[in-house]
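These notes are about the structure you will find just below.
Bear in mind that the values in this text are calculations on the coordinates, not laboratory data. For clarity, every value in this text was computed on a predicted model and none was experimentally measured. Glycine also receives a Cβ, built like all others from the backbone with ideal geometry; neighbour counts cover every protein chain displayed.
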Amino acid sequence: MTKRLDRPEAASEPWPDGAAPRVTITQTAAQADPVVPVLLAGLTAHAAPQAGPPDAETLNLVVRAPGEAAPLGGLQARIFYRWMYISLFHLPETLRGQGLGRALLQRAEAVARARGCTGIWLDTFSFQARPFYESCGFGLFATLPDCPPGHARHYLMKRLTDGEA
């Protein structure tokens, strides 16, 4: 589902009876805000009866030059609910076109299979690497147009099992 922000909806009052608000809403930008554990606990309690515990795990595959400590690129993924989500993937131009990106995806897939994942999903923008991901066996399952404006965001997946899990 999407909601367009360029078509404002009529304002509505959260308390139609005109009573004083029973809660307040504030905004923060801190990633470590105390609301994060509350959100995770609430969502987990709601989802666990249907999907099981999330058992979230982070996977980092780091590319370094021989003998160097500083990373040149790599891949970061999260595994939860028996799916792997590749959230970050970057290689500098000098390392592209040599099979390294494909090797990183194959290594991530091996980890996903070892963890019993049903599949892998990722998203990429229209100006990025959709053809590369498709050549690695990923298929398009959704596109969000005009995100960012003038481009599209593509969502791709690769199923690792035959049936629904």
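Data table
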{"read-out": "Centroid-to-centroid separation of the range 22-64 and the range 117-165 [C-alpha atoms, Å]", "value": "23"}
{"read-out": "Where trypsin sites (Lys or Arg not before Pro) in DSSP loops with at most 11 other Cβ within 10 Å are excluded, longest remaining stretch of the chain", "value": "23-165"}
{"read-out": "Label corresponding to semi-axes √(5λ) of the Cα gyration tensor in Å when calculated from the structure given, among (1) 32, 17, 14; (2) 25, 18, 16; (3) 35, 21, 19", "value": "(3)"}
{"read-out": "Local net charge near Cys136, Cβ-Cβ under 14 Å (Lys/Arg +1, Asp/Glu -1)", "value": "+4"}
{"read-out": "Pairwise label distance in nanometres, Gln50 with Ala114, each label 7 Å out on the Cα-Cβ vector", "value": "3.2"}
{"read-out": "Share antiparallel - DSSP beta bridges, the range 51-159, percent rounded to 5", "value": "90"}
